[in-house]
Amino acid sequence: MVTPKLEAVNAGAYENEIEAKIIDADGNDVTDNYNLTVEYGTLTINKRKMTVKTDDGTFDYDGAAHTQKTCSSDELLSELGHEFEVASATSVTDVSETGTENVLDVRVVCGKDDITDNYDISYENGTLTVKAREITVTTKEQNASFVYDGTEHDNTEINQPENMVKGQFVSVIGSAKIKTVGTMDNALEVIVED
């Protein structure tokens, strides 16, 4: 009769320690009648391969840092109570044309125990995107007119857009100028400042 002594659940190599008894046909322990040598082998629990897919995130520009801390994997043993815990995450604040790779540092926990070492983790990272905030800049006087006097005129007084990020404002840094009789578009060059 062989009774295993090993109760390993974590990845690693373990000596396959057993307790052996020799029982006769009547159920009696006759182990002492033998010079029993037990050679232990090795049991190995290999790390479970797992691909973690980090989620995409899309945010409207608001001047704040944003993260997307959600992820998934088909290989996570959630039926055993294993869960993801995000230790750190990439954050994005500003608009970019290509987006930013959503890199997460993920731990696997079971209850309060960190069991990450039981997994061989690879990542498929999502993308974080910050969309440009839509604003409309208008001049205070939409259709300005001037009486010809031989000097240049412009129309640079603007209404601040209503949906600006708190603490930011629009400034005019250039404008169309008119000197002769006629009509032209009032083109303004503006920047957003803090």
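Side notes on the structure shown:
- Here the simple spin-label model places points 7 Å from the Cα toward Cβ, and for Glu83 and Ile23 these points are separated by 4.3 nm.
- Using a cut-off of 25 Å between Cα atoms, the listed pairs Lys21/Lys47; Lys69/Lys131; Lys49/Lys112; Lys140/Lys166 include Lys21/Lys47 as exceeding that distance.
- What you get for the chain, charging only the Cβ of Lys and Arg (+1) and of Asp and Glu (-1), is a dipole of about 660 debye around the Cα centre.
- Modelled label reach - Arg133, point 7 Å along Cα→Cβ, the stretch 95-113 residues with backbone N closer than 14 Å: 95
- Residues considered: Glu85, Glu134, Glu101. Largest GNM mean-square fluctuation over the chain, using C-alpha springs under 10 Å, is found at Glu134.
- Ser96 accessible area, 1.4 Å probe, all protein chains in place, Å² to nearest 10: 50 Å²
- Computed from the alpha carbon positions, the gyration tensor of the stretch 4-109 leads to an equivalent ellipsoid with semi-axes of 56, 12, 9 Å, biggest first.
- Take each peptide in 123-130, 47-54, 175-182, count the other Cβ atoms within 10 Å of every residue, and average; sorted highest first, the result is 123-130, 47-54, 175-182.
- Per residue value of the accessible surface for the chain (all protein chains in place, 1.4 Å probe), Å²: 71 Å²
- Taking a sphere under 13 Å around the Cβ of Leu80 and counting the other residues whose Cβ falls inside, with K and R at +1 and D and E at -1, yields a net charge of -3.
- P(r) tail for the stretch 112-194: Cα pairs beyond 18 Å make up 62% of the total.
- HN-Hα J in Hz across the stretch 144-155 - Karplus 6.51, -1.76, 1.60, θ = phi - 60°, x for Gly and Pro: 7, 9, 9, 8, 4, 9, x, 10, 7, 10, 9, 10
- If you run the Gaussian network model on the chain, springs between alpha carbon atoms under 10 Å, then out of Gly41, Gly167, Gly27 the most flexible one is Gly27.
- Among Glu19, Glu157, Glu83, residue whose mean-square fluctuation peaks in a GNM of the chain (springs only between Cα atoms under 10 Å): Glu19
- Treating each Cα of the chain as one equal point scatterer and applying the Debye formula with no solvent, the log10 of I(q)/I(0) at q = 0.15, 0.17, 0.19 Å⁻¹ comes out as -0.99, -1.10, -1.21.
The values are calculated or read from the model by the stated rules, or taken from the named source; none is laboratory data. As the structure is a prediction and not an experimental result, all values here were calculated from the model. Don't worry about glycine lacking a Cβ; one is built from the backbone with ideal geometry, like all the others, and counts go over all protein chains shown. Ligands, DNA and RNA are stripped out before the accessible areas are found, and what is left, the full protein with its side chains, is counted by its heavy atoms. Shrake-Rupley method; radii C 1.70, N 1.55, O 1.52, S 1.80 Å.
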